[in-house]
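Inspection log for the structure reproduced underneath, given as structure tokens.
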Amino acid sequence: TVPTNISIASNNSDTSLAKSGDTVTVTFDTEAGSTVTGTIDGKAATGNVVSTTGTLTRTLDGSENAGTLEFSFVQTDAASNSQTAQTAVKGSGSATSVTADFTAPSIGSLSLSSQPDTTPDLTFTAEASSSVAITYLEHLTVGSTGSATGSAQAITLSTLDAGSQTLTATATDAAGNT
């Protein structure tokens with residue numbers, strides 16, 4: 001029997017994205033008693049069949065190609081009949097795909113409005129759609145933006161102590177890379 005209802009997803013908070021350390025799973029309907037072998041992005045993946053549901057899983061290690069992940073698998077039924085390899089970048093059942101992203105977003109120039117203001121404006125540039133958090137004293141978040149624009153933008157920081165301070169800006173992209 002040819003596998004049906006093929007889907008691919010990751011365990012990332014956005015299941016259509018994956019970063020290093022995330023697990024990508026291809027799921028499909030198959031014949032009971034069959035086995036499956038295959039790859040995700042050309043790298044060996046673990047195949048498993050429980051009842052009539054087959055899975056192919058791989059935890060990404062960063063050696064994969066960035067971009068839409070391709071998968072391929074062969075199902076062998078209990079009588080040792082192998083099906084033609086199923087190769088795709090999108091599932092057939094829910095038409096899903098997973099995009100691997102291993103690159104941390106960048107933060108460009110940072111500048112503070114003039115002191116002695118204890119609630120200064122911080123102007124920065126960061127990769128479009130990344131979120132930016134500004135921390136102070138290594139753990140206190142004093143400013144953040146929901147989504148960077150890719151061009152210069154400013155946020156007003158919450159109250160800082162008077163005097164010289166060290167601020168850290170961290171950008172996180174949609175895949176969770178920082």
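The values are calculated or read from the model by the stated rules, or taken from the named source; none is laboratory data. Model, not experiment: these values are computed from the prediction. Note that each Cβ is placed from the backbone with ideal geometry, even for glycine, and that neighbours are counted across all protein chains shown. For the accessible areas, the whole protein counts, side chains as well, though only heavy atoms, and no ligand, DNA or RNA atoms are used. Shrake-Rupley method; radii C 1.70, N 1.55, O 1.52, S 1.80 Å.
Within region 156-178, residues that are within 11 Å of residue 143 (Cα to Cα) sit with their Cβ atoms under 8 Å from residues that are in a strand (DSSP E or B) and among the acidic types (Asp, Glu), at 6+ positions apart or across chains, in these pairs: 156/121; 157/121. Taking the criterion of being open to solvent by less than 60 Å² (accessible area, probe 1.4 Å) and closer than 22 Å to residue 53 by Cα, the residues of region 1-17 that qualify are 3, 6, 7, 8, 9, 10, 12, 16.
Consider region 150-170 and keep the residues that are β-branched (Val, Ile, Thr) and open to solvent by 80 Å² or more (accessible area, probe 1.4 Å). The one that is nearest to residue 119 (Cα to Cα) is 159. Among the residues making up region 39-52, those that are open to solvent by 60 Å² or more (accessible area, probe 1.4 Å) and either in contact with a helix residue (DSSP H, G or I) (Cβ under 8 Å, 6 or more places away or on another chain) or not in a strand (DSSP E or B) (or both) are 42, 51, 52. Residues in region 139-174 that are part of a loop (DSSP other than H, G, I, E, B) and over 24 Å from the mean Cα position of the chain (by Cα): how many? Final tally of qualifying residues: 12. Just so you know, in region 18-38 the residues that are in a strand (DSSP E or B) and surrounded by fewer than 20 Cβ atoms within 10 Å (Cβ to Cβ) include one that is nearest to the chain's Cα centre (by Cα), and it is 23. Selection of region 63-73 for residues being part of a strand (DSSP E or B) and surrounded by 18 or more Cβ atoms within 10 Å (Cβ to Cβ) yields 71, 73. Restricting the first member to region 56-77 and to residues that are within 18 Å of residue 96 (Cα to Cα) and modelled with pLDDT of 90 or more, and the second to residues that are of a type in the set (Lys, Arg) and open to solvent by less than 40 Å² (accessible area, probe 1.4 Å), the beta-carbon pairs closer than 9 Å and six or more apart or on different chains are 69/58; 71/58. Number of residues in region 120-147 that are open to solvent by less than 70 Å² (accessible area, probe 1.4 Å), in contact with a strand residue (DSSP E or B) (Cβ under 6 Å, 6 or more places away or on another chain) and of a type in the set (Ser, Thr, Tyr): the value is 7.
Here's the yes/no breakdown for (1) at pLDDT 90 or above; (2) within 30 Å of residue 2 (Cα to Cα):
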{"site": "90", "(1), (2)": "no, yes"}
{"site": "100", "(1), (2)": "yes, yes"}
{"site": "120", "(1), (2)": "no, no"}
{"site": "162", "(1), (2)": "no, no"}
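Taking region 37-56 as the range and being closer than 11 Å to residue 26 by Cβ and among the hydrophobic types (A, V, I, L, M, F, W, C) as the test, the residues that pass are 40, 45, 56.
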